[in-house]
Amino acid sequence: EKKTIKVGYMDNYYPFSYVENGEFKGLTREMLESSLSTTGIKLEYVLVENTQAARTELANGNIDILAYSIENHEILQPYNIKSICDYAQVPLVLVMNRGAKRENIQTLATVSFLQEKAGSVSDTEGMQIISFENQQECIDALDNQKVDAVLCNGYFVENLMRTDLRYNDLQIKSVLNTEYSISIAIAGEQTQLSSILEKTIINIDFKMINEYMLKETTY
């Protein structure tokens, strides 16, 4: 009966959710459109600035779902929002300048939702953890020598180093033995929509991710 659901999306989460030429692009959009094609539901996309803005938009009914959610149940529950359909896993990497040594890290940049994973980098005692608004800001801070290292999404930084010559001096020092899940966030009372999504959403595996990145880079 609703016909159209409003999908909130965010920028700077390549290859899943990002903006290119003013348009929502990425594997998350492709997955949603493929998964929901049999339901007759149409999708309308709404750009949201960050996770805090997304919570507000969900609570106010301005969007029906957040397509890229990285917050767990404990964080979302007080806002009457729940996380459903874990559809992808993202590896975390440590990025530094070429020639820099891991044991010399004094300042580590990351985004707020990854701060709790900073311990996977090394002994963080005495290390200053600096939180930025998004992963692009983290990488730029490293490139401008404002921090010693960055903890971030491996796919995002790999694409930057492949496609932007500004980051030639950066290097993935290590792929960490930890990752985070991507899911869909939905207002808690939307049980019918939740049921439809849980029956239709498909997982995005590593093969799909690698094929997408290769296609985009080659193009």
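The values are calculated or read from the model by the stated rules, or taken from the named source; none is laboratory data. What you see is a predicted model; the values in this text were computed from it and never measured. Cβ coordinates were reconstructed from backbone atoms using ideal geometry, including for glycine residues, and neighbour counts include every protein chain displayed. Heads up: the accessible areas ignore ligands, DNA and RNA and are worked out on the full protein's heavy atoms, side chains in. Shrake-Rupley method; radii C 1.70, N 1.55, O 1.52, S 1.80 Å.
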I'm trying to understand the selection: among the residues of region 42-57, which are assigned to a helix (DSSP H, G or I), open to solvent by 10 Å² or more (accessible area, probe 1.4 Å) and among the aliphatic types (A, V, I, L, M)? Ala53
Taking the conditions exactly as written (touching a residue at least 60 places away in the same chain (Cβ under 8 Å) and either part of a strand (DSSP E or B) or open to solvent by less than 30 Å² (accessible area, probe 1.4 Å) (or both)), does Thr39 satisfy them or not? no
Residue among Tyr14, Tyr9 that alone is of a type in the set (Phe, Trp, Tyr) and modelled with pLDDT under 95: Tyr14
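Residue by residue, here is whether (1) in a loop (DSSP other than H, G, I, E, B); (2) at pLDDT 95 or above; (3) surrounded by 14 or more Cβ atoms within 10 Å (Cβ to Cβ) holds:
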{"residue": "Gln145", "(1), (2), (3)": "yes, no, no"}
{"residue": "Tyr155", "(1), (2), (3)": "no, no, yes"}
{"residue": "Arg166", "(1), (2), (3)": "no, no, no"}
{"residue": "Lys173", "(1), (2), (3)": "no, no, yes"}
{"residue": "Leu176", "(1), (2), (3)": "no, no, yes"}
{"residue": "Tyr180", "(1), (2), (3)": "no, no, yes"}
{"residue": "Asn203", "(1), (2), (3)": "yes, yes, no"}
Answer residue from region 187-201, given it is over 16 Å from Gly8 (Cβ atoms) and in a helix (DSSP H, G or I) and is most open to solvent (accessible area, probe 1.4 Å) among those: Lys199
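For region 91-143, give me each residue that is assigned to a strand (DSSP E or B) and over 13 Å from Lys173 (Cα atoms). It would help to see each step written out before you state the result.
Within region 91-143, the subset assigned to a strand (DSSP E or B) is 91-97, 107-111, 128-132.
Pro91, Thr107, Leu108, Ala109, Thr110, Val111, Gln128, Ile129, Ile130, Ser131, Phe132, listed by residue number.
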Being under 26 Å from Thr107 (Cβ atoms) and acidic (Asp, Glu) narrows Glu198, Glu125, Glu211 down to just Glu125
Of these, Leu66, Leu108, which one is in contact (Cβ under 8 Å) with a residue 60 or more places away in the chain, aliphatic (A, V, I, L, M) and crowded, with 18+ Cβ neighbours inside 10 Å? Leu66
Would it be correct to say that Gln77 is open to solvent by less than 70 Å² (accessible area, probe 1.4 Å), out of contact with any Leu (no Cβ under 8 Å at 6 or more places or on another chain) and polar (S, T, N, Q)? no
